[in-house]
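Shown next, in structure tokens, is the structure this report addresses.
The values are calculated or read from the model by the stated rules, or taken from the named source; none is laboratory data. All values derive from a computational prediction rather than experimental measurement. Methodologically, a virtual Cβ is constructed for each residue, glycine included, from the backbone with ideal geometry; neighbour enumeration extends over all protein chains shown. Surface areas here come from the heavy atoms of the whole protein model, side chains and all, with no ligands, DNA or RNA. Shrake-Rupley method; radii C 1.70, N 1.55, O 1.52, S 1.80 Å.
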There are 2 protein chains.
Amino acid sequence: MEREPSPQRWPIDEEDVSGEVRTVPPGRALLSSAMVGSANRGRVLQTLFDLGPTSRAELARLAGVNRTTISGIVQPLLDQQVLVEGDPIRPSEAGGKPARPLWFSPDARPICGMMLMPDAVHTCLVTLAGTISAEHSVAFPTENPKIVEIERAIELCTSRTLASARREPLGIGVAVGGMVDTDRRAIIAVNLAPVLNGFQLGDMLTKRYGLPALLDHHPRALLVGDRWFGKGRGMQNFAAVYTGEVLGGALYLGGHLYRGRSGAGGELGHTFVQVDGEICSCGRRGCWETIATVGWLRRQARAIGIDAPDEINSRRLVALAGAGVPGARDLLDLYARNVAVGIANLQQTVAPNFYVLHGDVVGGGEIMAEAIAGHVRALVPSRSGGEISFAIGETEDRAALLGAAGLVLSELLQFPL
Amino acid sequence: MEREPSPQRWPIDEEDVSGEVRTVPPGRALLSSAMVGSANRGRVLQTLFDLGPTSRAELARLAGVNRTTISGIVQPLLDQQVLVEGDPIRPSEAGGKPARPLWFSPDARPICGMMLMPDAVHTCLVTLAGTISAEHSVAFPTENPKIVEIERAIELCTSRTLASARREPLGIGVAVGGMVDTDRRAIIAVNLAPVLNGFQLGDMLTKRYGLPALLDHHPRALLVGDRWFGKGRGMQNFAAVYTGEVLGGALYLGGHLYRGRSGAGGELGHTFVQVDGEICSCGRRGCWETIATVGWLRRQARAIGIDAPDEINSRRLVALAGAGVPGARDLLDLYARNVAVGIANLQQTVAPNFYVLHGDVVGGGEIMAEAIAGHVRALVPSRSGGEISFAIGETEDRAALLGAAGLVLSELLQFPL
DNA sequence: ACTTGTTAGTATGAGGCTCGCACAAACATT
DNA sequence: AATGTTTGTGCGAGCCTCATACTAACAAGT
């Protein structure tokens, strides 16, 4: 009945997360028994995330493996207080020993989530169960901040949050409102804060706090948040689409976050939907972004004479349409169609079949989502692989912070195969 | 010095190929040591495919594993005559024992490749080294053929080809000029031969010949052929784009053929590039297919008064432009731009960074490819993840047959993780 | 109260796989 | 002939999963 405490630690592969150089090209590397252990531990934890508290026996059934295998995987995690056994649940009428559901311990090491925007930084702690605590934010100096000032603000904010952690966090995940070099864990460019361009935030955080740090750009973080803590939970394929002042997206394909070469995938805003259409901020014509952002919405609202056109957004538009304001209903429909066009293209290209909507359209609620869904279904030839469904994401800040934390989780769970 | 002949057989997982029902959902299944063996064997063979004849020591270095590991993987394959040792190659100046390069044995089991078009069936044998032999084709009855007649034609053609095989083939791969249900290994619809709709070709072949049979649609087969035997060799990410009377494509992402839900991915022809543009055969407006197929080319050629506009294609267009025929140069440029628009969208969405062109544009040669490449590079914002490169695929029939065979290879090598 | 049937979780030994180490074989160089 | 280098092969260790057997804990029927 006595067990030797296993020497395995979770995560075993912290070095990988902190950005070690990979010498063997991916796809050529072979597997070893040790990797099997890591990978299987990741999959078990992922299943636990997807399903909520679950007994060992149930996990074994779902994974199609022996119960002893699950016990072997799970026991070290219990020893390290990553997981805890819940109260026994009553067996079915058939009888049997009551199952002890496993779930993430509140005492497990948390994750630090960070959202870096052009004007401020937000940080928080996220438990493995997805609860947020220790939220802090620090604004940057308004006029032409210097990089050292921003660095100080980030450090201040992070230190406050980390001070609240009872155990050392598993890592720091950062959602950046701009272009990111995921491999080098550095910022490439933030449009509204060019001083951040080239900032090696990942290295700075790792050096300062001794924690693995991962960066990715905002839409990708939203997707990851959806995958672990939101509407994308348990999904194998889906896409996140963000609309607002700009338009972005991210893809989860075949059970993995898809980044593309140098993380260049998901630049949906600048796909063409109108050859020789309106000129876009990128200098090209007819980008999706020219017809499916609030900028377009403002211009149209002004053109048809809606009150305060500069303050229009999905929330107000739905309200106006509901109130019977002339033209509002048609504008809502056209806006929904414009958003739907790009989603239809995405569906035809990679067929994720499930979309989580973020950003401005969230304010439009179910009405907006249904309008978009209807247009997408009309725009995609019917057979293309089953039902297409839609969901509305979390509120903006929450989604980004959960997503930032999810970046760390993804690395820990999705052992690269 | 004596070895026990290993009991392992390649392929071990034939049952999987022949379409067994998967009970554990993908992504939840755990790995076992036996799977590690299969997966590693697949990766070693894949590396061999990518690099050509290679010694064990070199394979070990590339994979980052111990030499003994490679020996253990490779020895059973030598015993089974899947591989053979080549002549020793001279060591470098540093000296050392001469390496014995490994390569696929000409006596290895071949693969049967089949191309099923609306009017005929073609079959052949393909060795693991990519050489084609025993080609046969049988035309279907011209006017309203019955399904039994088609079935007989397929059987006749296949039997002739299989009769030439010295060893039992590893399987039959089929490239279908129409929609395919990859999971059920059945044909969904072939536009010009509706009698084929719903035909369970995979089951028929497996039952008749006792071989694993795999179906996929034509563009996907082209991509797979490129991956194993053509320009996509060794690539981890690339796309195949087929233009002609219709427009299709396929994606190889992260070292895997990407199919999407129910194989609905890659339906590029009906992505929107011109909202409210010309009406498409699918009933919608502004599909990419409306501006980047030979149908569009014919209409334009007629409009600007080019001779025999109904026989225009890329090959002739390039020739006309070279001969200085008025308008030809501009038309070529516009056609290239139209093709490039869709490729640019694909690049922005999944960023494969490498494209193999198939179909009509192959006739236009390097001139056509360069014209398309130039437009794509101009249409994609510069930073998006490095160079974008292009290649011209094999001639049409050869590409499809190699691709069909490649479908079987993909299943055998890409052990599902 | 006792037996039977069922399910949960654990201990143990077997089998697969990769790894590190040691060793023989086959070359180049000095 | 001696030395250094590289290739490929045994061998035992370590990690992992699996099948089997066992204990623990419950329900239901007698």
Quiz item: Say a paramagnetic label sat at a point 7 Å from the Cα of B:GLU149, along Cα to Cβ; which residues of the range B:99-127 have their backbone N under 18 Å from it?
Solution: B:117-122
Quiz item: Taking chain B as a Gaussian network, where each spring joins two C-alpha atoms under 10 Å apart, which residue of B:GLY254, B:GLY42, B:GLY393 fluctuates the most?
Solution: B:GLY254
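Given only helices, namely DSSP H runs of n ≥ 4 each adding -39500 (n - 2.57), what is the per-residue ellipticity at 222 nm of chain A, to the nearest 500 deg cm²/dmol?
Value at 222 nm, helices only: -12000 deg cm²/dmol.
Which order do you get for B:GLU143, A:GLU155, A:GLU289 if you rank them by accessible area with a 1.4 Å probe, largest at the top? Mind showing how you got there, number by number?
Details: B:GLU143 150, A:GLU155 60, A:GLU289 25 Å².
If we order B:GLU143, A:GLU155, A:GLU289 from most to least accessible, we get B:GLU143, A:GLU155, A:GLU289.
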Quiz item: Quick one: which bits of the range B:27-66 get at least 30 Å² less accessible when the partner protein chains are in, versus the chain alone, with a 1.4 Å probe?
Solution: B:GLY27, B:ARG28, B:LEU30, B:LEU31, B:VAL36, B:ASN40, B:ARG43, B:THR47, B:LEU62, B:ALA63
Quiz item: FRET efficiency for B:SER159 and B:GLU370, Cβ-Cβ distance as r, R0 = 45 Å, nearest 0.05?
Solution: 0.50
Practice problem: Work out which residues of the range A:340-362 lose at minimum 40 square angstrom of accessible surface when the other protein chains are put back, relative to the chain isolated, with a 1.4 angstrom probe, and list them by number. | Solution: A:ASN345, A:GLN348, A:THR349, A:VAL350, A:ALA351
Exercise. Would you mind getting the Kirkwood hydrodynamic radius of the protein assembly as shown from its Cα pairs, rounded to one decimal in Å?
Key: 28.9 Å
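Size of the dipole of chain B about the Cα centre, Lys and Arg at +1 and Asp and Glu at -1 on the beta carbon, nothing else charged, in debye to 20?
On the way: 40 positive and 44 negative charges, 168 e Å.
Charge dipole, chain B, about its Cα centre: 800 debye, nearest 20.
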Quiz item: PRE reach from A:ASP333 (point 7 Å along Cα→Cβ): which of the range B:278-304 fall under 19 Å by backbone N?
Solution: B:284-285
Quiz item: Where in the range A:221-265 does accessible area fall by at least 20 Å² between the isolated chain and the complete protein assembly, at a 1.4 Å probe radius?
Solution: A:GLN236, A:ASN237, A:LEU253, A:TYR258, A:ARG261, A:SER262, A:ALA264
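Quote the FRET efficiency, to the nearest 0.05, computed for B:THR68 versus A:ARG100 with a Förster distance R0 of 60 Å and r equal to the Cβ-Cβ distance.
Working: r = 43 Å, r/R0 = 0.71.
With R0 = 60 Å, the Cβ-Cβ based efficiency is 0.90.
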Quiz item: In chain B, what percentage of the DSSP-assigned beta bridges are antiparallel, given to the nearest 5?
Solution: 60 percent
Quiz item: Among A:GLN46, A:THR161, A:LEU78, which residue has its Cα positioned farthest towards the positive end of the charge dipole of the protein assembly as shown, with +1 placed on the Cβ of Lys and Arg, -1 on the Cβ of Asp and Glu, and the dipole taken about the Cα centre?
Solution: A:LEU78
Exercise. Once you have a ≥ b ≥ c as the square roots of the Cα gyration tensor eigenvalues for the range B:141-265, tell me rounded if a/c is under 1.5, and otherwise prolate or oblate according to whether a/b is larger than b/c.
Key: oblate
Quiz item: Pairing the Cα long axis of helix B:365-379 with the longest principal axis of chain B, what angle in degrees results, from 0 to 90 and rounded to the nearest 10?
Solution: 80 degrees
Quiz item: Quick one: helix A:328-350 against the long Cα principal axis of chain A, what's the angle to the nearest 10°, folded into 0 to 90?
Solution: 50 degrees
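Quick one: pull the percentage of alpha-carbon pairs in the range A:255-325 with a separation above 15 Å.
Values: 1588 of 2485 pairs.
The proportion of pairs with Cα distances above 15 Å equals 64 percent.
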Quiz prompt | Given charges at beta-carbon only (K, R positive; D, E negative), |dipole| of the range B:234-393 in Debye | solution = 300 debye
Quiz item: So what's the range A:14-104 giving for Cα Rg divided by 2.2 N^0.38 Å, two decimals?
Solution: 1.32
Quiz item: Can you give the accessible area of A:SER92 in Å² (nearest 10), computed on protein heavy atoms with a 1.4 Å probe?
Solution: 80 Å²
Exercise. Please find, in a Gaussian network model of chain A (springs between Cα atoms separated by less than 10 Å), the residue of A:GLY255, A:GLY72, A:GLY283 whose mean-square fluctuation is greatest.
Key: A:GLY283
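Just to be sure I follow: if Rg is taken over the C-alpha atoms of the range A:235-393 and Rh is the Kirkwood radius over the same atoms, what is Rg/Rh? Numbers along the way, then the final one.
Numbers: Rg = 15.4 Å, Rh = 15.9 Å.
Taking Rh as the inverse mean 1/r over Cα pairs, Rg/Rh reads 0.97.
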Practice problem: May I ask you to derive the FRET efficiency for B:ARG61 and B:SER133 from their Cβ-Cβ distance with R0 = 41 Å, giving the value to the nearest 0.05? | Solution: 0.75
Self-check item: Apportionment of accessible area to carbon and sulfur, chain A, percent (1.4 Å)
Solution: 51 percent
Exercise. Considering only protein heavy atoms, with the full assembly of protein chains and a 1.4 angstrom probe, order B:TRP103, A:TRP296 by accessible area, largest first.
Key: B:TRP103, A:TRP296
Practice problem: Could you state the angle between the C-alpha long axis of helix B:218-229 and the longest principal axis of the C-alpha atoms of chain B, as a value from 0 to 90 degrees rounded to the nearest 10? | Solution: 50 degrees
Practice problem: Express the accessible area of chain A per residue in Å², computed with a 1.4 Å probe while the remaining protein chains stay in the model. | Solution: 42 Å²
Quiz item: Ranked from the most accessible area to the least, with a 1.4 Å probe and all protein chains present, what is the order of B:MET114, B:MET235, A:MET204?
Solution: B:MET235, A:MET204, B:MET114
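Given Cβ point charges of +1 (Lys, Arg) and -1 (Asp, Glu) and nothing else, what value in debye, to the nearest 20, does the dipole of the protein assembly as shown about its Cα centre take? Numbers along the way, then the final one.
On the way: 80 positive and 88 negative charges, 186 e Å.
For this selection, approximately 900 debye.
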Quiz item: For chains A and B, what's the summed buried accessible area, probe 1.4 Å, to the nearest 100 square angstrom?
Solution: 5800 Å²
Practice problem: Provide the gained length on full extension for the span B:ASP50 to B:ALA323, in nm with one decimal, where the gain is 0.36 nm per separating residue minus the Cα-Cα distance. | Solution: 94.2 nm
Quiz item: P(r) tail for chain A, what percent of Cα pairs lie past 38 Å?
Solution: 27 percent
